[in-house]
Amino acid sequence: MDKMNNAFEKMKMLVGMEVEDGQEQPAIEDGDSFSFMDDFNRQCTLTTKQRFYGFAICLAAGLTCTFLSILVFFHPIKFGITFTFGNLLALGSTAFLIGPKRQVSMMLDPVRIYATAIYLASMIVALFCAFYVRNKLLTLLAIILEFGALVWYSLSYIPFARSMVSKIMVSCFDTEF
């Protein structure tokens, strides 16, 4: 059991989580100085094992929904709903791993604020087109936008990946025919 706990502690350090010396709650300094996210993080006290289980279950459910959406590809409304729900679950899985406050702060980092905004807006547009408009073509276009935004958002976490992809795209379209 000690090997398992040591492995969890090493994994926590690897992903940037704080290593716990015990299961104690930090003392509250001044109740008025905490923001909503600080209060939310204090209320979400999960053990390391619970965080990893939550991450694994949420990620597995998200990936399952995303891959099952392929089965209903020719029904764009159902495809849009399952694909977007899978993306939301996969995005939420990292909140288990690093915590909701750090997740939001990483998403709102100046490097990826625009990618985050476009990604979240594309999910809202896809769900709006699927639920309210019920137009297959608009839903399919919104899903294409969502997929592109997902790729661009994901690339924002890899150093220099977006600049490399931009240079490749420019060089591909810069050739003369």
Check your understanding: Residue check: is K10 more than 20 Å from A126 (Cβ to Cβ), basic (K, R), open to solvent by 90 Å² or more (accessible area, probe 1.4 Å) and at pLDDT below 90?
Key -> yes
Check your understanding: Is it true that some residue in the range 135-149 is among the polar types (S, T, N, Q) and modelled with pLDDT of 90 or more?
Key -> no
Review point. Considering only residues of the range 119-153 that are β-branched (V, I, T) and surrounded by fewer than 18 Cβ atoms within 10 Å (Cβ to Cβ), which is farthest from V165 (Cα to Cα)?
Key: V133
Exercise for review: Collect the residues in the range 64-108 that are part of a loop (DSSP other than H, G, I, E, B) and touching a Ser or Thr at 6+ places or on another chain (Cβ under 9 Å), keeping them in residue-number order.
Suggested key: L108
**Study point:** Condition check for L63: open to solvent by 30 Å² or more (accessible area, probe 1.4 Å) and either more than 19 Å from Y119 (Cα to Cα) or in contact (Cβ under 8 Å) with a residue 12 or more places away in the chain (or both)
**Key:** yes
Check your understanding: Which pairs have Cβ atoms under 6 Å, sit 6 or more apart or on different chains, and link a residue in the range 71-87 that is over 18 Å from L150 (Cα atoms) to one that is small (G, A, S) and crowded, with 20+ Cβ neighbours inside 10 Å?
Key -> I77/A130
Revision key, fill the gap. Within the range 118-147, the residues that are assigned to a helix (DSSP H, G or I), without any contact (Cβ under 8 Å) to a residue 12 or more places away in the chain and not hydrophobic (A, V, I, L, M, F, W, C) are Y132
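The values are calculated or read from the model by the stated rules, or taken from the named source; none is laboratory data. All figures in this text were calculated on a predicted structure; none of them were measured in a lab. In this analysis, Cβ positions are derived from the backbone assuming ideal geometry, glycine residues included, and neighbour counts consider all displayed protein chains. Only protein heavy atoms, including side chains, enter the accessible area calculation; ligands, DNA and RNA are left aside. Shrake-Rupley method; radii C 1.70, N 1.55, O 1.52, S 1.80 Å.
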